[in-house]
Amino acid sequence: MTATTRDSLLRRSLPALEVTFIIAVTALALIPFIWLVLTAFKERTDILSPDPKLFFSPTWSNFYEAFVTGEFDRFLRNSLIVACGSVAICLLTGLPAAYAFSRFRVFGEKHLFFYVLTTRMAPGIALVLPLYMFFQTIGLLGTVWAVMISHTTFNLALVIYLMRNFFDDIPKALDEAALTDGATEWQVFWRIVLPLARPGIAVSAVLAFLFSWNEFLFALMIGGAGGQTLPAGFPGLVTPLGTYWGQLAAVSVVVSLPVLVLVWFVQKHLARGLTFGAVK
């Protein structure tokens with residue numbers, strides 16, 4: 001076999017090897033989630049059986065006990081309100097703030113931007129007590145509004161930081177051309193810059209939603225009985241009488257679904273946004 005033939009065979013076999021490797025890695029990554037889904041549909045006897053069962057009679061009882069007879073329907077509603085509300089507030093306030101940091105030069109802007117970032121750098125445990133006392137004073141402790149505002153405190157800095165970089169990558173010549181044609185700063189921001197920054201907005205919204213949806217500490221300490229979200233409700237399934245593994249798995253599957261659906265719908269913008277600005 002000549003060297004040319006060997007090189008040709010190697011080039012033809014590489015794509016197949018790459019596909020095989022990707023399939024293997026994907027399968028390994030999906031095994032825990034697949035096992036979680038199977039557990040959600042198992043009876044308690046099948047879950048606690050010493051011999052793992054891949055084939056069994058599926059049941060909806062775990063979902064029924066968690067979301068119908070239990071309180072997780074309320075926790076699910078609270079999670080949706082808190083996550084969507086936090087993302088909406090962060091985008092409504094963070095996008096103009098990021099645009100201002102990107103386009104305007106003001107005295108002390110670097111210090112101001114660093115101050116905004118410090119709200120994200122601070123560990124959550126350091127903010128729980130001040131926020132707890134604040135919401136207790138104004139009468140919002142134990143509500144979804146308190147949890148929503150708490151999540152906004154660390155998601156807002158993330159949105160501003162990400163979107164400032166996206167806005168910096170949009171040529172300012174576009175702004176200047178629009179201003180020359182008689183557009184206002186608000187029109188430039190709304191009609192020109194924001195449409196070009198849609199991938200960045202998608203990335204910021206998804207990440208802010210994920211951080212809020214999965215957050216545990218603030219939801220547990222500040223949410224109380226009235227504002228608990230799904231992650232904060234998990235400890236209730238661990239009791240002195242035992243752990244309700246089936247209900248835990250069922251709730252975990254439901255927690256995963258909104259994230260999967262969201263990423264599915266914005267995956268095009270997400271892929272562009274994560275690589276936006278990587279190549280000049």
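At-a-glance table
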read-out	value
The chain: relative contact order as a whole-number percent, Cα under 8 Å and 6+ apart	28
Amide N proximity, segment 61-84 versus Ser49 label position 7 Å along Cα-to-Cβ, cut-off under 19 Å	61-63
Dipole magnitude (debye, nearest 20) for segment 155-232, charges at Cβ of Lys, Arg, Asp, Glu	220
For segment 197-256: Kirkwood Rh in Å [reciprocal of mean 1/r, alpha carbons]	13.2
Table column - 3J(HN,Hα) (Hz), segment 88-102, Karplus curve with 6.51, -1.76, 1.60, x for Gly and Pro	4, 5, 5, 6, 5, 9, x, 5, x, 5, 5, 5, 5, 5, 7
Average Cα contact separation per residue, segment 205-273, under 8 Å, 6 or more apart, as relative contact order %	24
Label corresponding to volume of the Cα convex hull per residue in Å³ when calculated from the structure given, among (i) 186; (ii) 223; (iii) 175	(ii)
Full-extension gain in nm, Leu36 to Arg198, via 0.36 nm per residue minus C-alpha separation	54.9 nm
Positive dipole terminus of the chain, leading residue within Gly94, Val147, Leu179 (C-beta point charges)	Leu179
Virtual spin-label span in nm between Leu92 and Leu260, 7 Å along Cα→Cβ	3.2
Along principal axes, Cα extents of segment 169-210, largest first, whole Å	40, 17, 10
Amide hydrogen neighbours beyond the local backbone of Gln228, cut-off 5 Å, H modeled	none
Per-residue SASA entry for Leu162, accessible area with 1.4 Å probe, Å² rounded to 10	30
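The values are calculated or read from the model by the stated rules, or taken from the named source; none is laboratory data. Predicted, not measured: the structure shown is a model, and the values here were computed from it. Here Cβ is always computed from backbone atoms with ideal geometry, including for glycine, and neighbour counts include all displayed protein chains. Ligands, DNA and RNA are stripped out before the accessible areas are found, and what is left, the full protein with its side chains, is counted by its heavy atoms. Shrake-Rupley method; radii C 1.70, N 1.55, O 1.52, S 1.80 Å.
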